[in-house]
Amino acid sequence: PPRPRMSAQDSSVTAKLINGGVAGLVGVTCVFPIDLAKTRLQNQHGKDIYKGMMDCLMKTARAEGFLGMYRGAAVNLTLVTPEKAIKLAANDFFRQLLMEDELQRNLKMEMLAGCGAGMCQVVVTCPMEMLKIQLQDAGRLAVCQGSASAPSSSSSYTAGSASTHKRPSATLIAWELLCTQGLAGLYKGLGATLLRDIPFSIIYFPLFANLNNLGFNERTGKASFAHSFMSGCVAGSVAAVAVTPLDVLKTRIQTLKKGLGEDTYSGITNCARKLWIQEGPSAFMKGAGCRALVIAPLFGIAQGVYFIGIGERILKCFE
C-alpha cells in the first residue's frame, strides 16, 4: 500500500525542526571557541588571566591545543537540536495562538510569543549550559590554581585539577550531580537562565520579524537572503548585548568549581550584590563583545538555513 503522505502542516513543522537542528549544529561548530572565551572572561574574578577575547583564545590554544577551544562542544552539539526544536516550535505555537492574523503585526503578542518560547526552551538550555560551563571553565581553573593546588572543594568531580589526565566529562559531571543532588543539581541556575532567556526572546523575535519585514519583496513574497541574514545578525546582537548582565550572573551561579579565593553565590541577588561591590558595575558587561560575536552568526546562520529551506529539500527526497 502507498505510504500515507505527510499533511502540509506536519511537513512544515518537521522541516522547521530539521532547519533548526542544522542551523544549531553549523552555528555551534562555527562560534564555539568564542563562547568558550566568553565563559572564561565572565568567570574572571579580580586578577585577570586573560586580557580579552583574542588573548584568551591564544592562551587556550597554546595550553590546551586546538581541541581545547572546543571543550564542552559535544554537550552543545548533542542538545542544540532539541533546544532549537523546542524554541522554534514554541514560538510558532504561541504566535498562532495569540495572533489572529499573521500579516497584521502586533508587537505585544509577538513579545508574548517570544516569552513563551524562552520559557519552554529552558528545559534543555539549563542543564546543557550548566554542563558546558564546567567543561569550558576547567582550563581557566587549571591556570588559576597552577602549582598551588586548591584544597579539595565539597564537589567531588575534578573540573579544576591542573593535571590533564583528570579532564572532566559531561557524563561524569551529570552523573555525579544526579547522584548527589538529584535533578535539581542539573537545574542549578534555572532562575538565572529564565531571567536571561525570556528577555532575550522578547527582544529578539519581534525585532527580527520587524527588521525582516522592512526587506519584504512583493514579487517573491519574502525578504532577500542577505536581508534575512543581516536581520538575524542585528537582532541577535542587540538582544545578546542587552541581556549580558543576566548572562554574567548565570555563568557565575552555574560554575560549580571555583578557583582559589573566588566567591560562591547563594542566589541571583547575592551574586549581583557581590559582583557590584567587589568588581564594580563594569563586571556586568564582561564578555558582551564575545556574546554579540557568538549570537550574531548563530542567528544569521539560522535565518540562512531557513531561507534556503534545507529541511524542505530533505523531506522532498523522502516523498
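The values are calculated or read from the model by the stated rules, or taken from the named source; none is laboratory data. Predicted model only: the values in this text are computed from it and were never measured. Heads up, the Cβs are rebuilt from the backbone with ideal geometry, glycines too, and the neighbour counts pull from every protein chain shown. SASA here: full protein model, heavy atoms, side chains in, ligands and nucleic acids out. Shrake-Rupley method; radii C 1.70, N 1.55, O 1.52, S 1.80 Å.
Assorted remarks:
- Residue in segment 256-264 that is part of a helix (DSSP H, G or I) and at negative phi present: no
- Test: residue in segment 31-44 that is open to solvent by less than 40 Å² (accessible area, probe 1.4 Å), at pLDDT below 90 and not in a helix (DSSP H, G or I): yes
- Every condition in (1) open to solvent by 10 Å² or more (accessible area, probe 1.4 Å); (2) of a type in the set (S, T, Y); (3) in a helix (DSSP H, G or I) holds for T251 except the one numbered (1).
- Residues that are under 17 Å from S237 (Cα atoms) and either among the small types (G, A, S) or in contact with a Cys (Cβ under 9 Å, 6 or more places away or on another chain) (or both), drawn from segment 26-36: G27, I34, D35
- Taking the listed residues K16, K59, K108, the one that is part of a helix (DSSP H, G or I), in contact with a Leu (Cβ under 6 Å, 6 or more places away or on another chain) and open to solvent by 50 Å² or more (accessible area, probe 1.4 Å) is K16, with no other qualifying.
- Residue satisfying all of: in segment 157-182; among the aliphatic types (A, V, I, L, M) and modelled with pLDDT under 90; surrounded by the fewest Cβ atoms within 10 Å (Cβ to Cβ) among these: A162
- Residues in segment 266-276 that are open to solvent by 30 Å² or more (accessible area, probe 1.4 Å) and not small (G, A, S): I268, T269, R273, K274, W276.
- Pairs where the first residue, in segment 277-288, is within 18 Å of K250 (Cβ to Cβ) and in a loop (DSSP other than H, G, I, E, B) and the second is open to solvent by less than 80 Å² (accessible area, probe 1.4 Å) and not acidic (D, E), C-beta under 6 Å, 6+ apart: K286/L41; K286/Q42; K286/V248; G287/K38; G287/L41; G287/Q42
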